[in-house]
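Single-structure report; data block below.
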Amino acid sequence: MERKEFIKNCGFACIGGTALMAFLQSCASTAYFAQTALEDNKILIKKTEFLTTKKEKIKKRKLVLVKSEKFGFPICVYKISEVEYSALLMQCTHKGCELQPQGSFLVCPCHGSEFSNKGVVQNPPAEQNLLTFKTTIDNENIYIHL
Ligand code: FES
């Protein structure tokens, strides 16, 4: 390989790496893991976890993720309305892959199944809805009943 070609290839690799990092960072910003507390057999999430500040403006999150050691997969919590939240185990019911949130859907990267923000199958090959957890709220918190 000649010096000129080597430098050109290094330049493309740097640009590609930078673009990949920017892409991964944008993906990471959509999947926010909320701060939680465990109370009896409930996970507690402050409602303020659905708010974020960007350039001094308060924005609302559609969803937050919650770590769950008990189930081995994260739980995705969607804000359906001011008084309704859904909590879904992010394990695909087809072959068990971890789902990825994409807007109001959870998508399986393995074979393409899609689930609604209430855990209902929208696209096969999965046939069963997701495992869901009962949620309750008070003025400040959301509770996921395990
Ligand atoms: Fe999710 Fe197959 S494991 S679609």
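The values are calculated or read from the model by the stated rules, or taken from the named source; none is laboratory data. Every value quoted in this text rests on a predicted model; they were computed, and no experiment measured them. Please note: Cβ atoms are built from the backbone with ideal geometry, for glycine as well, and neighbour counts cover all protein chains shown. Please note that ligands, DNA and RNA were not included when accessible areas were found on the heavy atoms of the full protein model with its side chains. Shrake-Rupley method; radii C 1.70, N 1.55, O 1.52, S 1.80 Å.
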Please report the accessible area of K60 (heavy atoms, 1.4 Å probe, ligands and nucleic acids excluded) in Å², nearest 10. 150 Å²
Summing +1 per Lys or Arg and -1 per Asp or Glu among the other residues with Cβ less than 14 Å from P109's Cβ gives -1
Can you list residues from other chains, or at least 5 along the same chain, whose modelled amide H is less than 5 Å from the amide H of Y85? I80
What's the local net charge at I43, with K and R +1, D and E -1, over the other residues with C-beta under 15 Å away? 0
Run the 1.4 Å probe and let me know the accessible area of H111, rounded to the nearest 10 Å². 100 Å²
Net charge near R61 (other residues with Cβ under 10 Å of its Cβ; Lys, Arg +1; Asp, Glu -1) is +3
Viscosity 1.567 mPa s, 4 °C: Kirkwood-radius Stokes-Einstein D of segment 40-146 over Cα pairs, µm²/s: 91 µm²/s
